[in-house]
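Each remark here refers to the structure printed beneath this line.
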Amino acid sequence: MGLTRAESEDRGHGVWAEVDLGAIRHNIGILRNIARGAEVMGVVKGYAYGHGNPASAQAMLEAGATRLGVARVAEALHLRDAGISAPIHVFTEPPPRSADTMIDHDLTATIYTEAFARELSEAALAARRRVPVHVKIDTGMHRVGLLADDAVGAIKAIKTMEGIVIEGAWSHLAVADLVDHPFTRKQLDLFVDVVGRIERVGVKLRYRHLANSAATLSVPETHFDMVRCGIAAYGLWPGPVLVGSADLRPAMALRARINQDKVLPAGERLSYGLDYELPKTARVVTVPAGYADGYDRRLSGRADVLIDGRRHRVSGTVCMDQFLVDTGDHEVKVGAVATLIGADGSETVSAEELAGHIGTINYEVTTRIPSRVPRIYLNEGA
Ligand SMILES: Cc1ncc(COP(=O)(O)O)c(C=O)c1O
């Protein structure tokens with residue numbers, strides 16, 4: 001069983017992130033239903049968008065995700081070291097001389113240059129192995145990938161390399177969160193065209209995959225053999241247009257325990273810059289969380305926190321490790337819990353709400369919560 005909030009406080013954490021693994025499992029179940037037969041890859045790069053690995057990855061696998069996706073080899077090794085044996089895709093080619101490591105740990109490589117394909121093939125042959133790879137096609141986002149016109153030529157060369165087998169082809173959508181954007185259709189059509197040309201040169205693709213969370217939720221034609229879901233697996237929305245489009249549950253709450261309370265007279269000013277002036281005599285409490293905990297400094301004077309189910313505005317500047325809240329007549333005492341993200345009673349502060357204050361997206365809000373903030377896992381074990 002996971003820890004209750006009271007138990008996590010007993011452990012003396014000033015600030016902590018509660019991650020409900022039951023919510024992650026629930027969300028994967030919902031995404032599997034929506035994907036209708038296509039496999040679901042759980043995207044767990046960026047420390048599972050801040051939710052924490054290996055627990056988040058494990059929860060996704062328990063709920064039926066069949067594969068995991070990460071950005072870097074080191075992220076994959078962290079999962080392997082934790083005993084996870086499911087296929088793990090690394091979304092970009094690694095720096096030179098990582099091929100042996102990838103082979104040793106059974107990582108599924110993304111390929112888009114002949115140079116890396118050759119390096120991987122040679123490493124596989126040296127280990128007396130033949131390893132599956134997935135070819136990345138650039139259908140218009142222009143991060144990494146083979147351009148459509150170059151893909152078939154490159155694949156003809158890659159398929160002669162004896163240490164690797166082309167198991168899949170994939171691409172990534174640039175604007176799937178903007179539902180009905182014509183560029184998504186353009187990318188989809190190009191992907192279908194390139195995949196067809198690859199198959200016509202004799203490569204049987206076991207996996208064709210294109211959809212991220214937004215496309216999984218809103219464009220069924222993109223599902224193919226597998227969908228790659230990150231943000232929705234954590235119960236967060238890929239964009240404002242999709243809010244409420246499925247029964248997703250946010251998995252993370254960020255909470256902190258108030259470590260000082262004072263009553264200060266009207267006219268006193270708070271925190272760095274003395275930007276906030278008390279309009280009347282009021283209780284002022286200190287929250288031991290700051291921008292080193294991923295609580296952005298631009299939330300100063302803008303964000304609300306929840307204490308005893310009531311909203312209070314962050315008063316003055318967010319510091320590196322703490323910020324202050326004028327709670328007025330609300331008699332908040334040391335030891336009370338402030339909810340920075342999540343629900344308290346009938347009130348909720350969402351990651352989307354914080355993102356709106358600072359001009360970013362919910363992805364960044366949770367992903368920036370660093371490892372110094374302990375993760376408290378709720379509902380461990382399926
Ligand atoms: C290659 C790839 N696939 C899938 C995803 C998952 O995207 P989302 O979190 O929007 O589902 C990402 C994340 O950015 C990605 O880089």
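The values are calculated or read from the model by the stated rules, or taken from the named source; none is laboratory data. Bear in mind that the values here come from a model prediction, so they are computed numbers and not experimental data. Cβ placement follows ideal geometry from the backbone for every residue including glycine, while neighbour counts extend to all protein chains displayed.
The set of residues in region 224-241 being surrounded by fewer than 21 Cβ atoms within 10 Å (Cβ to Cβ) and of a type outside the set (D, E, K, R) consists of G239, P240, V241. Residues in region 224-257 that are within 20 Å of L61 (Cβ to Cβ) and not hydrophobic (A, V, I, L, M, F, W, C): D225, R228, G230, Y234, G235, R249. For beta carbons closer than 6 Å, sequence separation of 6+ or different chains, a first residue in region 72-92 that is at pLDDT below 95 and a second that is not in a strand (DSSP E or B), there are no qualifying pairs. Of everything in region 326-347, what is surrounded by fewer than 16 Cβ atoms within 10 Å (Cβ to Cβ) and hydrophobic (A, V, I, L, M, F, W, C)? Give them in sequence order. Within region 326-347, V334, A343 qualify. When R249, R269, R257 are checked against the criterion of being at negative phi, of a type in the set (K, R) and in contact with a Pro (Cβ under 9 Å, 6 or more places away or on another chain), R257 stands alone in meeting it. Do we have any residue at all in region 245-257 that's within 13 Å of the ligand (Cβ to nearest atom), out of contact with any Asp or Glu (no Cβ under 6 Å at 6 or more places or on another chain) and part of a strand (DSSP E or B)? No: zero hits. Six or more apart or on different chains, Cβ atoms under 7 Å: show the pairs whose first residue is in region 197-216 and closer than 19 Å to T66 by Cα and whose second is away from the ligand (no atom under 16 Å from the Cβ) and part of a helix (DSSP H, G or I). From region 197-216, the pairs are L205/V195; L205/I198; L205/E199; R208/V195. Given the conditions (1) assigned by TED's automatic domain parsing to the domain that holds L270; (2) in contact (Cβ under 8 Å) with a residue 24 or more places away in the chain; (3) under 24 Å from the mean Cα position of the chain (by Cα), which single one is not true for R297? Single failed check for R297: (2).
Yes or no: region 189-197 includes at least one residue that is crowded, with 19+ Cβ neighbours inside 10 Å and within 16 Å of the ligand (Cβ to nearest atom). The answer is yes, given that some residue of region 189-197 is crowded, with 19+ Cβ neighbours inside 10 Å and within 16 Å of the ligand (Cβ to nearest atom). Could you please let me know if G29 is at pLDDT 95 or above and under 17 Å from Y363 (Cα atoms)? No; evaluated as a whole, the condition is false for this residue.
Out of all the residues in region 206-244, which are polar (S, T, N, Q) and within 9 Å of the ligand (Cβ to nearest atom)?
Of all residues in region 206-244, those polar (S, T, N, Q) come to 212-213, 216, 218, 222.
Matches in region 206-244: N212, S213, T216.
Of all the residues in region 132-145, those that are closer than 19 Å to E167 by Cα, surrounded by fewer than 21 Cβ atoms within 10 Å (Cβ to Cβ) and either over 21 Å from the mean Cα position of the chain (by Cα) or modelled with pLDDT under 95 (or both) number 2. Filtered by the rule that a residue be over 17 Å from the mean Cα position of the chain (by Cα) and among the hydrophobic types (A, V, I, L, M, F, W, C), region 220-241 gives F224, M226, V241.
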